[in-house]
Structure formats: C-alpha cells, structure tokens
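Heads up: the structure comes next, in structure tokens.
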Amino acid sequence: FSVSASWHKGDGYIKDINCFANPATRASTSPARNTGTNGCNTAPYESHSARVKLKWTPTDNLSFTLGYNYAYSLDARGYAYQVYDHPGTTLKAILAGAFPAAAGYHQAFQMRDRTSLSFQPQNPDTTNEVTLLGKLTTGDFGTLTTHTAMFWEKNLGDLDIDAAPVDATSLYGPTRHHTFTQAVDYEYTGVKRLNVLVGA
C-alpha cells in the first residue's frame, strides 16, 4: 500500500494595473468572474495531486494493483494577455476611441508583467483516474497482463481576449472528458532465445 501527494500555491508575478477595472461593470454578467478579489494578481497558480496504490498477491504467480490518481491545476499565466502598440500602427489610439468606457482606466501597453484586463482569467483543470493492473505468470507458458483504466477530466478556459479594461470580448469554454481503456498483453517465453508478445 502506498500514498503520495503534492501541493503548490502562489500569487504569481503578473499584476493588473486596474485591479480588473470596475467590479460594477461585471455585476450583470454571466457567469460571474473574479474582479480584483485576489489582490490584483492576474495569474495566481495552484496545483495539488494525490496517488493511492494497493497491491494484492493472492498467489505467488498472480497479482493485482489498484490505483487512484487525482490532480488539480490552475495556472492562467498563458491567459494574461497584454496589448502591444507596434511601431507604425495606431492600435493604442484605436482602442482609446473604440472603448470610451475605459476612461479613467489605464491600459497596459508594453508593461512588463502587467495587464489591464476586465476580469481575472481562469483555467482550472481537474482529473480523476482509476487503474487496475492484473498480472498472471505461468512459467514456461509466459505472462498474461491486463490493464484497465477509467479517466475523468473537467476543465475551463475563461479569458479576456481583448486585454482591455472594459468588457468588450471574452471567451468562456467549459469542457468534460471521459475515457475508458482496456488492454490485454500476452508474452510467451517458452522457447529459448525467442520472445513473442501479443496484445489487444
């Protein structure tokens, strides 16, 4: 029997210069999003996981290993967009004219580790997995192995695409993923200097 686990959490290094604009502008939106509730940190990160395994050997040549894996991660640094005013363009002026509601809020142009988003991006991902490994050794007749696994995953991508301090464009995409896997392998070693492996 074995158990292992890990936990990691931090505030991140990217800050929003407006604390995600005015929370009142998000009051009527759905779904509700974080607006400066974490100290203006744009992309705090968190991860924790656990693994449990139990091995049972009813006979000398037969064994079963049951496992459970859990993992959670949140790291939205890839969603911490910033607008760059490239030479030869009027991007900054266009944004200022297109988003008059941004009056009174600054935009993060070419500012290191700074953003001017209208809400805090999120990308939580949770996975659960159950596995079963069975192994039967038959001496000269080889070894029979079976692998069974069930996997569940749930994640969310929620980001402010326009990188402006007003609610212009955004993306909200929850997904779910379920997988079942079954495999059987047979390895024959009954002939000297010959190994045969067959699987399905």
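The values are calculated or read from the model by the stated rules, or taken from the named source; none is laboratory data. All values derive from a computational prediction rather than experimental measurement. Cβ placement follows ideal geometry from the backbone for every residue including glycine, while neighbour counts extend to all protein chains displayed. Areas reflect the complete protein model, heavy atoms only, side chains present, ligands, DNA and RNA absent. Shrake-Rupley method; radii C 1.70, N 1.55, O 1.52, S 1.80 Å.
Counting only strands (runs of 3 or more DSSP E) that fall entirely inside segment 136-200 and contain at least 3 residues that are open to solvent by 60 Å² or more (accessible area, probe 1.4 Å), touching a residue at least 24 places away in the same chain (Cβ under 8 Å) and of a type in the set (A, V, I, L, M, F, W, C), the qualifying elements are 143-159. Annotation note: Cβ proximity below 9 Å between a residue of segment 1-14 that is closer than 20 Å to Ala76 by Cα and among the aromatic types (Phe, Trp, Tyr) and a residue that is open to solvent by 50 Å² or more (accessible area, probe 1.4 Å) and not in a strand (DSSP E or B) (sequence gap 6+ or interchain) occurs for Tyr13/Arg77; Tyr13/Asp113. Taking segment 42-76 as the range and being under 27 Å from Gly139 (Cβ atoms) and basic (Lys, Arg) as the test, the residues that pass are Lys53, Lys55.
In segment 122-135, of all residues being open to solvent by 20 Å² or more (accessible area, probe 1.4 Å) and touching a residue at least 60 places away in the same chain (Cβ under 8 Å), the one that is farthest from the chain's Cα centre (by Cα) corresponds to Lys135. A Cβ distance below 6 Å, combined with a sequence gap of six or more or placement on separate chains, defines the contacts here; from segment 73-84, residues that are without any contact (Cβ under 8 Å) to a residue 60 or more places away in the chain and within 19 Å of Gln110 (Cβ to Cβ) reach residues that are open to solvent by 50 Å² or more (accessible area, probe 1.4 Å) and in a loop (DSSP other than H, G, I, E, B) in the pairs Tyr84/Gln110. All of (1) over 16 Å from Ala80 (Cβ atoms); (2) touching a strand residue (DSSP E or B) at 6+ places or on another chain (Cβ under 7 Å); (3) β-branched (Val, Ile, Thr) hold for Ile161 with one exception: (1).
Scanning segment 63-93 for residues that are part of a helix (DSSP H, G or I) and modelled with pLDDT of 65 or more yields Arg77, Gly78, Tyr79.
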